[in-house]
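S.K.: Dropping a structure here in structure tokens format, bear with me for questions.
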Amino acid sequence: MAAALIGFDTVWKSYGQGEAKVHALAGVDLTIKRGEFVAIMGPSGSGKSTAMNIIGCLDTPTAGTYSFMGIDAGRLDRNRRALLRNLYIGFVFQGYNLLPRTTAAENVELPLIYRGAPARERRELAMQALAEVGLVGREHHTPAELSGGQQQRVAIARAIVTTPTLLVADEPTGNLDTARTHEIMELLTRLNRELGLTIAMVTHEADVAEYAERTIRFLDGHVASDSSKLEVA
Amino acid sequence: MIWETVRLSLRSIRRNVLRSFLTLLGIVIGVAAVIAMLTIGSGTTAKVKSDIAKLGSNLLVVRSGRPAGTGGPGGLDQAVRPLADKDVAALVAHLTGARAISPASQKQVRVIFGTESLTSGVTGTDSAYLDARDWKLVSGRRFSDSETRSGTGVCLIGETVRQQFFGAGEPEGEIIRVNRTSCKIIGLLEPKGYTGFGQDQDNVVLMPLAAYQRRIAGNRDIDNIYVAADDRTPTTELQPRVEDILRDTRRITPDREDDFSIRDMTQIADAMASATTTMTGMLGAVAGVSLLVGGIGIMNIMLVSVTERTREIGIRLAIGAHEKHILIQFLVEATVLSLLGGIIGILIGLALAGLASATLTIPFAPSPAVILLAVGFSALIGMVFGFFPALRGARLDPIDALRHE
Ligand SMILES: Nc1ncnc2c1ncn2[C@@H]1O[C@H](COP(=O)(O)OP(=O)(O)OP(=O)(O)O)[C@@H](O)[C@H]1O
Ligand SMILES: [Mg+2]
């Protein structure tokens, strides 16, 4: 059961040329197992988002190997990675990234459209996902008619509607107040516990990281520390 | 999936109604111009054809003088020998395959009744003229043989002449003055309307040839001989027979050219029709250029749309859209947009053509094939000019696209 879902093997990610060359990731080794809830922390510019983009199969390493579910995802072309994302990965962003002027339900249906799911099935699954995140009655509101916390719930519903294996969340509470932050974190914790959803989450806040079982700290493109909470029985 | 995409594109078009409409203007104008021109063009062709058919179907018209377009010296120094009675007599005696043969001379002459006057086309002829030209009488009678022979002062008038002089009244039995002679109206010709060249075919007076020659022309000349082919004989077969008979009676030796010409009205009809087709084609090409401009407009607006929606594209790519999904989305949008322009253009074009038909009194002849072609063509423009912007959207990097704004 403790199979590695995510594996970084001396992953490098470099930008630019010659003098201006920047190593956002400089030989990162990392493993995340199925069902884990991992918080990624570290100062600004330390490579957290870069790592998350690779974990989410949005980006590929410059050097080294990234394997996802045992697949050498770093060497897949963009359309194959799109397929991986659609089938196994859900995304939650700091800025919600919902389609404007599009209802909550339609936003949640979106990933299912690219799966070719029939309209009725899409509608049902979207309603279920929205119920899961506690947005019953808001299905037909557009993002402009929803609060930040509600928008982030829609984004989470969109991420889980495909029942993914992995949820990638880059500063999911970055735009929310404390109360809303804890609501969202409780939701994520529940999804992790109840659905066995693997979560990789970037955060700057220690009390947000507290929700995760494991915290990885980045510093200058390296993993500086990696600590797991002892399960208190 | 495709329906989904069409709905999506309609939504995004509706979101920017004014912008979409302005973008469409090029396509609208182009398609409207093409449809209007082609529809008016085919109406004109039909009108010209029916006009020429009205001149008489399967009709040959013989005139004195060398046929136009045949070269050779002596066009002017050689006096033109007019057609004469014996030419008509020879045709009547020897020509087979003719339904009617009729001599005619005509002139624009002032016609007077009471205090009213009118310049009218006065033709001296015989009663076979009505058969040759397929003209019918609404009332009254034709010239009798004795009237034709002796040149009695009787005449048949057209509808325009009747209206000018008699209003709602009955013209028969009235005496009108034609030039310095007078004639009694014995019949009224069926109205024929205007020709495609704007000539009133009802402003006519027919009188016996002998009367015309004696009292109006002052000579014995015949301007034209009308020869109508019967149903079994094509004009192309009849024409050489007429030529042979006339060369014979006019004693033209084999080394000389004809001193008369024979015009085949059917051929003229075809020539006219093909001339209008050429015109239509040229105007169509001009309209095609405006479609090209419209296409560039579509391309421009789609590039703007792709840029504006970079973030949306990023979201779609992140949650697993394949490149082709994005490509199709924007292609469909461009196609729907230009198709919409096409449909608006077709409606405007048809309205313009309808208006033109009404004012020019030509038949309104919309062609389903042309309309279908316009629909297909505008869809094609959307696809072709939408392709580059759509490809640009599809090729975006999801990370860059998500960071956009
Ligand atoms: N597309 C890019 N081109 C050039 N340099 C980049 C690019 N993306 C990231 N970088 C650089 O890589 C380094 C790591 O960036 P990254 O976004 O991963 O940081 P981060 O840890 O997420 O920071 P933050 O907490 O501010 O979000 C930074 O120095 C950044 O400038
Ligand atoms: Mg970041």
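The values are calculated or read from the model by the stated rules, or taken from the named source; none is laboratory data. Model, not experiment: these values are computed from the prediction. Don't worry about glycine lacking a Cβ; one is built from the backbone with ideal geometry, like all the others, and counts go over all protein chains shown.
S.K.: Being outside any loop (DSSP other than H, G, I, E, B) and within 14 Å of another protein chain (Cβ to nearest Cβ) is the filter; apply it to segment A:126-144 and report the residue that is nearest to A:Met185 (Cα to Cα).
M.R.: For segment A:126-144, the residue satisfying everything is A:Ala129.
S.K.: I've got another one for you. If you check B:Asp255, B:Asp259, which single one turns out to be at negative phi and surrounded by fewer than 17 Cβ atoms within 10 Å (Cβ to Cβ)?
M.R.: Exactly one of B:Asp255, B:Asp259 is at negative phi and surrounded by fewer than 17 Cβ atoms within 10 Å (Cβ to Cβ), namely B:Asp255.
S.K.: When you scan segment A:53-61, do you find a residue that is surrounded by fewer than 20 Cβ atoms within 10 Å (Cβ to Cβ), under 27 Å from A:Ala155 (Cβ atoms) and within 14 Å of ligand 1 (Cβ to nearest atom), even just one?
M.R.: yes
S.K.: Those residues that are more than 16 Å from ligand 1 (Cβ to nearest atom) and buried (at least 24 other Cβ atoms within 10 Å of the Cβ), I need them from segment A:163-183; list them, please.
M.R.: Scanning segment A:163-183 gives A:Leu166, A:Leu167.
S.K.: Any residue in segment B:297-323 that is facing chain A (nearest Cβ under 9 Å) sitting within a Cβ distance under 8 Å of a residue that is of a type in the set (A, V, I, L, M, F, W, C) and part of a loop (DSSP other than H, G, I, E, B)? List the pairs, counting only those 6 or more apart or interchain.
M.R.: Between residues of segment B:297-323 that are facing chain A (nearest Cβ under 9 Å) and residues that are of a type in the set (A, V, I, L, M, F, W, C) and part of a loop (DSSP other than H, G, I, E, B), the close pairs are B:Glu312/A:Leu99; B:Gly314/B:Leu396; B:Ile315/A:Leu98; B:Ile315/A:Leu99; B:Leu317/B:Leu396; B:Ala318/A:Leu58.
Yes/no matrix, rows are residues, columns are (1) of a type in the set (A, V, I, L, M); (2) under 15 Å from B:Thr23 (Cβ atoms); (3) out of contact with any strand residue (DSSP E or B) (no Cβ under 8 Å at 6 or more places or on another chain); (4) in a helix (DSSP H, G or I):
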position	(1), (2), (3), (4)
B:Arg247	no, no, yes, yes
B:Asp258	no, no, yes, no
B:Arg263	no, no, no, no
B:Met272	yes, no, yes, yes
B:Gly281	no, no, yes, yes
B:Gly295	no, yes, yes, yes
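S.K.: Looking at segment A:20-104, what strands (runs of 3 or more DSSP E) fall wholly within it and have at least 1 residues that are in contact with a Lys or Arg (Cβ under 9 Å, 6 or more places away or on another chain), more than 16 Å from ligand 2 (Cβ to nearest atom) and within 9 Å of another protein chain (Cβ to nearest Cβ)?
M.R.: Result: A:89-93.
S.K.: Please list, ordered by residue number, the strands (runs of 3 or more DSSP E) wholly in segment B:124-242 having 1 or more residues that are farther than 24 Å from B:Leu60 by Cα and touching a Ser or Thr at 6+ places or on another chain (Cβ under 6 Å).
M.R.: The qualifying strands (runs of 3 or more DSSP E) are B:175-178, B:181-189.
S.K.: Now for a separate question. Answer with yes or no whether A:Glu121 is buried (at least 16 other Cβ atoms within 10 Å of the Cβ), within 14 Å of chain B (Cβ to nearest Cβ) and in a helix (DSSP H, G or I).
M.R.: So A:Glu121 fails the test.
S.K.: So, one more: Check off (1) more than 16 Å from ligand 1 (Cβ to nearest atom); (2) surrounded by 20 or more Cβ atoms within 10 Å (Cβ to Cβ); (3) of a type in the set (A, V, I, L, M, F, W, C) for A:Phe91 and give me the number that stays unchecked.
M.R.: (1)
S.K.: Suppose we keep only residues that are assigned to a helix (DSSP H, G or I) and farther than 24 Å from A:Lys33 by Cβ within segment A:157-188. Which one would you say is nearest to ligand 2 (Cβ to nearest atom)?
M.R.: A:Thr181
S.K.: For segment B:266-288, what are the residues that are among the hydrophobic types (A, V, I, L, M, F, W, C), in contact (Cβ under 8 Å) with a residue 12 or more places away in the chain and under 20 Å from B:Ser338 (Cβ atoms)?
M.R.: Those that are among the hydrophobic types (A, V, I, L, M, F, W, C), in contact (Cβ under 8 Å) with a residue 12 or more places away in the chain and under 20 Å from B:Ser338 (Cβ atoms): B:Val286, B:Ala287.
S.K.: To continue, here is another question. Looking only at segment A:17-52, count how many residues are within 9 Å of ligand 1 (Cβ to nearest atom), at positive phi and within 14 Å of the chain's Cα centre (by Cα).
M.R.: The qualifying residues number 0.
S.K.: Quick test for you: out of B:Leu339, B:Leu396, pick the one residue that is within 25 Å of B:Ile2 (Cα to Cα), within 16 Å of ligand 1 (Cβ to nearest atom), assigned by TED's automatic domain parsing to the domain that holds B:Ser9 and aliphatic (A, V, I, L, M).
M.R.: B:Leu396
S.K.: Please go through segment A:94-138 and give me each residue that is among the aromatic types (Phe, Trp, Tyr) and either more than 21 Å from the chain's Cα centre (by Cα) or more than 21 Å from B:Thr5 (Cβ to Cβ) (or both), ordered by number.
M.R.: Answer for segment A:94-138, where residues must be among the aromatic types (Phe, Trp, Tyr) and either more than 21 Å from the chain's Cα centre (by Cα) or more than 21 Å from B:Thr5 (Cβ to Cβ) (or both): just A:Tyr96.
S.K.: Let me confirm something: among B:Ala365, B:Ala390, B:Ala374, which residue is in contact (Cβ under 8 Å) with a residue 60 or more places away in the chain and outside any helix (DSSP H, G or I)?
M.R.: Just a single option satisfies the conditions, and that option is B:Ala365.
S.K.: Working only within segment B:183-201, note down all residues that are at pLDDT below 90 and either touching a Gly at 6+ places or on another chain (Cβ under 7 Å) or of a type in the set (Lys, Arg) (or both).
M.R.: Those that are at pLDDT below 90 and either touching a Gly at 6+ places or on another chain (Cβ under 7 Å) or of a type in the set (Lys, Arg) (or both): B:Lys192, B:Gln201.
S.K.: To continue, here is another question. Is it true that B:Val293 is over 30 Å from B:Gly65 (Cα atoms) and surrounded by fewer than 21 Cβ atoms within 10 Å (Cβ to Cβ)?
M.R.: When the stated conditions are applied, B:Val293 passes them.
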